[in-house]
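Readers should treat all values here as calculations from the given coordinates under stated rules, not as data from a laboratory. Please read all numbers here as calculations on a predicted model, not as lab measurements. Neighbour counts run over all protein chains shown; Cβ positions are idealised from the backbone, glycine included.
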Amino acid sequence: MTITIIGAGYVGLVTAAIFSEFGNDVFCLDISKERIENLKKGIVPFFEPNLSDYIKRNIKENKLHFTTSYHDAVTKSDVVFICVGTPSGKNGDADLSYLFASVEETAKNLSGYTLIVIKSTCPIGYEDDLENIVKKFAKQNFEFASCPEFLKEGTAIEDSLNPDRIVIGTKSVKAQEILLELHAPLSGERIICDMRSAQIIKYASNSFLALKISYANALAIICEKVGANVVKVLEGVGADKRIGTAFLKPGVGYGGSCLPKDVNAFIAQAGRFDYNFDLLRSVDNINTGQIEKFITKIRIALNATEDKKSNLDGFKLAILGLAFKPNTDDMRDSPAIKIINELLNLKSEITAYDPQAIRTAQKIFPNISYAKDVYEAVIGKDAVIIITDWPQFKELDLIRIKKLLKKPVIIDGRNIFNINKIKKMGFNYTGIGQ
């Protein structure tokens, strides 16, 4: 098939790479001329393992094309995937300006029957508004479908090639058959449903993952109060096959471009349909509260009193991890941003290190110091603060770290170390729920 992917972000580029890999003729469209020119050279605007290789290979084989022209792409396409951002608005609901604009431009360039597939996270019930936009500008036959994505940054290619499920929400058998054919090379269970069910599946899935994280953090608070170890508690809970261990991990809270946005959007949309989603409000409140609790842990570990706003003045801190999760350079809604802002407000001096996200962080925090590796970051510091659980952090030479630090203090926001082993090494160690 000939396909257009609108939006050259995480979802759009991965979708374009995978469908071109399967032999389709794929146009990937974005309004950013600079981004498109770089992509034509195989330069990907963010870090995602293996994605660059897929893009370069399919450009070379003339199966993947990058453009800023709706006319050049849409008029040739059987299927158009909308993969633009739907960020949170002021009231928590999604900002649909990019979605509406891309659908309008698509409508102006339709040529014959076209299936328009919304891969962006779209509020429940907006397909009617989108259809009205197309009817205003086009006389050609068209249909809308919903095909939400569930990829995880850092493993996006693997997730796309081996999905747990493929959700296909349509209004007709014809649209259903087109999408089944397009996804035929992929494994995973096919969930065939109406468009509104598909929309809710995306919000419900991400909100449930957020719920598991906040539940783990709530348990961590209880464990600290009663003197239990949340790592062991969750090991016991997760061993139940009905529950599982995925996302059942305490820490400084969830971040990224999906979970915070989708939780708040689901709350807002439930309100539009006269349902007060108190469960998700609690999930969000627990997540928000983790930052303040973590700052308190830092102050206590450094013997700083809480009644002075400047009580971290002069403390030199090493921050390990800036991205919201490992294997990405994405800092959108990363807990690191909120934690660093709080520490700067308390007048501490910060040196940060992340294997991939330093260039991104420099745009957000141009006035803090950055190190070329972990060992440079910790030299002469009063404490090490771990925010992102990069695998390589677990393999650090802790004896060397201890020698380089001014004080052997580690505040671990991801519980990457065994508390008993690291305390035996002479560290003043603070974890989550331990």
Notebook entry, point to check: Rounded, prolate or oblate: which fits segment 269-344 when a ≥ b ≥ c are the square roots of the eigenvalues of the alpha-carbon gyration tensor, with rounded for a/c under 1.5 and prolate only if a/b beats b/c?
Noted result: oblate
Check: Tell me, what is the FRET efficiency for R281 and K33 to the nearest 0.05, using R0 = 30 angstrom and their Cβ-Cβ distance as r?
Finding: 0.10
Notebook entry, point to check: Do any trypsin sites (Lys or Arg not before Pro) in segment 73-158 lie in a loop, going by DSSP, with at most 12 other beta-carbon atoms within 10 Å of their beta carbon, and if so which?
Noted result: K90, K139
Item checked: In order through segment 390-401: 3J(HN,Hα) via Karplus (6.51 cos²θ - 1.76 cosθ + 1.60), integer Hz, x for Gly, Pro -> 4, x, 5, 5, 6, 9, 5, 7, 5, 5, 5, 4
Next item on the list: Give me the lysines in straight-line cross-link reach of K174: C-alpha distance below 24 Å, same-chain residues under 8 apart excluded.
Entry: K76, K108, K119, K135, K136, K139, K202
Check: Residues in segment 4-40 near a label at D53, defined as backbone nitrogen under 18 Å from the 7 Å Cα→Cβ point?
Finding: 14-23
Check: the chain: longest stretch without exposed GluC sites (Glu not before Pro) (DSSP loop, at most 13 other Cβ within 10 Å), sites themselves excluded?
Finding: 62-305
Notebook entry, point to check: Sorted by mean Cβ packing within 10 Å, highest first, what order do the peptides 419-431, 315-327 take?
Noted result: 315-327, 419-431
Notebook entry, point to check: Which Cα, out of I368, L312, S32, lies furthest along the positive dipole direction of the chain (beta carbon charges, K/R +1, D/E -1)?
Noted result: L312
Next item on the list: Run down the lysines and flag those whose C-alpha is under 23 Å from the C-alpha of K363, throwing out any fewer than 8 positions away in its chain.
Entry: K33, K261, K316, K325, K338, K347, K372
Next item on the list: Would you work out the charge dipole size for the chain about its Cα centre, treating the Cβ of every Lys and Arg as +1 and the Cβ of every Asp and Glu as -1, and quote it to the nearest 20 debye?
Entry: 1460 debye
Next item on the list: Set the Förster radius R0 to 22 Å, insert the Cβ-Cβ distance between T68 and N141 as r into 1/(1 + (r/R0)^6), and round the FRET efficiency to 0.05.
Entry: 0.25
Item checked: q = 0.10, 0.18 Å⁻¹: log10 I(q)/I(0) that the Debye formula gives for segment 195-434, counting C-alpha atoms only -> -0.49, -1.44
Note to self: List the residues, sorted by chain then number, that are 5 or more residues from C28 or on another chain and whose placed amide H is less than 5 Å from its amide H.
What the structure shows: I5, H65, F66, T67
Notebook entry, point to check: Taking the Cβ-Cβ separation of I419 and N91 as r and a Förster radius of 35 Å, what is the calculated FRET efficiency to the nearest 0.05?
Noted result: 0.25
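Of all DSSP beta bridges in the chain, what percent run antiparallel (nearest 5)? Mind dumping the intermediate values first?
Numbers: 2 of 46 bridges.
Expressed as a percentage, antiparallel bridges in the chain total about 5.
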Margin query: What are the ³J(HN,Hα) couplings of segment 81-86, residue after residue, when phi is run through the Karplus curve with 6.51, -1.76, 1.60 and θ = phi - 60°? Round to Hz, x for glycine and proline.
Written below: 9, 9, 10, 8, x, 10
Next item on the list: Can you list which of the trypsin sites (Lys or Arg not before Pro) found in segment 329-372 are DSSP loop residues with at most 11 other C-beta atoms within 10 Å?
Entry: K372
Checklist line | Length added when fully stretched, K241-K403, from 0.36 nm per residue minus Cα-Cα | finding: 54.0 nm
Margin query: To check you understand DSSP bridge types, tell me what percent of the beta bridges within segment 2-193 (both residues inside) are antiparallel, rounded to 5.
Written below: 5 percent
Check: Counting alpha carbon pairs within less than 8 Å and at least 6 residues apart, what relative contact order, in whole percent, applies to the chain?
Finding: 12 percent
Notebook entry, point to check: Which of the following values of mean projected area of the Cα convex hull in nm² was calculated from the structure shown: (i) 19.2; (ii) 26.0; (iii) 22.1?
Noted result: (iii)
Next item on the list: Indicate the helices, whole DSSP H runs only, in the chain that combine a mean Kyte-Doolittle hydropathy of 0.5 or more with a Cα extent along their long axis of 24 angstrom or more.
Entry: 195-226
Next item on the list: Tell me the label-point distance for the pair K394, N345, using the 7 Å Cα-to-Cβ offset, in nm and rounded to one decimal.
Entry: 3.3 nm
Notebook entry, point to check: Arranged from highest to lowest average of other beta-carbon atoms within 10 Å per residue, in what order do the peptides 79-85, 283-289, 11-17 appear?
Noted result: 11-17, 79-85, 283-289
